[in-house]
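Notes follow once the structure below has been shown.
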Amino acid sequence: MTRPLVSLREILAPAEADGYAVGAFIMCNAETADAIMAAAQQEKSPVIVMLGPKEEPVLGLQNTVQIVSTLAHNYDIPVCLHLDHSRDPAQVQAALEAGFPSVMVDASSRPDEENAQITRRIVELARKTGATVEAEIGFVGFPEMTTEADNTNSNPAESRLTQPAAAEHFVRVTGIDALAVSIGTAHGRNPGRPELDFQRLAEIERRVEVPLVLHGATGRAPDQIRRAIQLGIRKVNVATDLARVFADTMAEALQEGQGFFWHADAIVQVKQRWVALTRRWIEVLGSKCQIVDRGG
Ligand code: 13P
């Protein structure tokens, strides 16, 4: 059976109903997208393949849609292709036009009202294509980022925790499909606060109807991730963990070859390690065997 790419709405509705989270894993090329989907197929899990602004120049938006949908036809699981963290509304619009079934517009470094206005405009555009929109309120920091992310005055290294009342208002006025929350994680190798703010998460979950998203999963203990899922997280973003495996594999291959490596061998290694790592994440998130369990 083949399936087209699905939106966040379709992939997260069963997760909401059954209390698990779907992993959103960063791809950068056809090989890594294929590894993510192969892992999900082996675990009988739905999966979200994400392309971030850093990865976008590798293939471009249109090629990414074509390649991921072609590859997805080889697998019998729901696959969502999602644009991650785009701060540029023109890029988000281009992704929607290219056929992305899901996008994140990230104006979270701006004042809340401006964030809401920018997000609302993207939601209106997305409704025309049937795509879903994720946005963030509060700010999940990028401690390893060395340059300003955009032309706002906020410091990209520092997180700002999500205020539950502001989250409720933001979801109501924007009409988004999923909300990224800041509860103590940070992007990159730095794990942020040692403990996530579970009380804050529970309060946000009480006030907000749409599925909640956890960014900055790399470096968090599985127990903390599982607790966050019990309290309402339905999408978990993973990037640095995978990027590190890519870099380590290349470095090892270079060392073993004493300065030279045969690229195809190294890429095959990367794929095998990505499959193994993605499978481990899927296990933590509880989405393993959800496809079989739902009779699909
Ligand atoms: P990590 O890089 O910490 O895994 O975070 C990924 C992320 O949130 C991408 O949006």
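The values are calculated or read from the model by the stated rules, or taken from the named source; none is laboratory data. The structure displayed is predicted, hence computed values, not measured ones. Glycine gets a Cβ as well: all are built from the backbone with ideal geometry, and neighbour counts include every protein chain shown. Protein only, heavy atoms only, side chains kept; ligands, DNA and RNA dropped before computing areas. Shrake-Rupley method; radii C 1.70, N 1.55, O 1.52, S 1.80 Å.
Data for the structure
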quantity: Loop sites in segment 154-198: GluC sites (Glu not before Pro), DSSP, at most 13 other Cβ within 10 Å; calculated: E158, E195
quantity: In segment 166-242, trypsin sites (Lys or Arg not before Pro) in a DSSP loop with at most 13 other beta-carbon atoms within 10 Å; calculated: R189
quantity: Angle between the chain longest axis and helix 61-72 axis [Cα atoms, degrees, rounded to 10]; calculated: 70
quantity: Efficiency of FRET from Cβ geometry, R227 and V173, R₀ 22 Å, rounded to 0.05; calculated: 0.15
quantity: Helix axis angle, 30-43 relative to the chain longest principal axis, alpha carbon, degrees; calculated: 80
quantity: Within the chain, helix-based [θ] at 222 nm, where runs of 4 or more DSSP H residues each add -39,500 (n - 2.57), nearest 500; calculated: -15000 deg cm²/dmol
quantity: Equivalent-ellipsoid semi-axes of segment 1-129, from the Cα gyration tensor, Å, largest first; calculated: 25, 17, 13
quantity: Chymotrypsin sites (Phe, Trp or Tyr not before Pro) within segment 239-296: DSSP coil, no more than 13 neighbouring Cβ in 10 Å; calculated: F260, W262
quantity: Along principal axes, Cα extents of segment 65-166, largest first, whole Å; calculated: 43, 30, 26
quantity: Fluctuation leader among T64, T129, T174 - the chain, Gaussian network, Cα springs under 10 angstrom; calculated: T129
quantity: Accessible area of the chain belonging to carbon and sulfur atoms, whole % at 1.4 Å probe; calculated: 51
quantity: The chain, accessible area per residue, ligands and nucleic acids excluded (1.4 Å, Å²); calculated: 43
quantity: GNM flexibility winner over the chain from A217, A90, A17 (Cα, springs under 10 Å); calculated: A17
quantity: Spin-label model distance (nm) - A251 vs F198, 7 Å beyond Cα toward Cβ; calculated: 3.4
quantity: Cα Rg, Dmax, segment 168-279, angstrom units; calculated: 18.3, 58
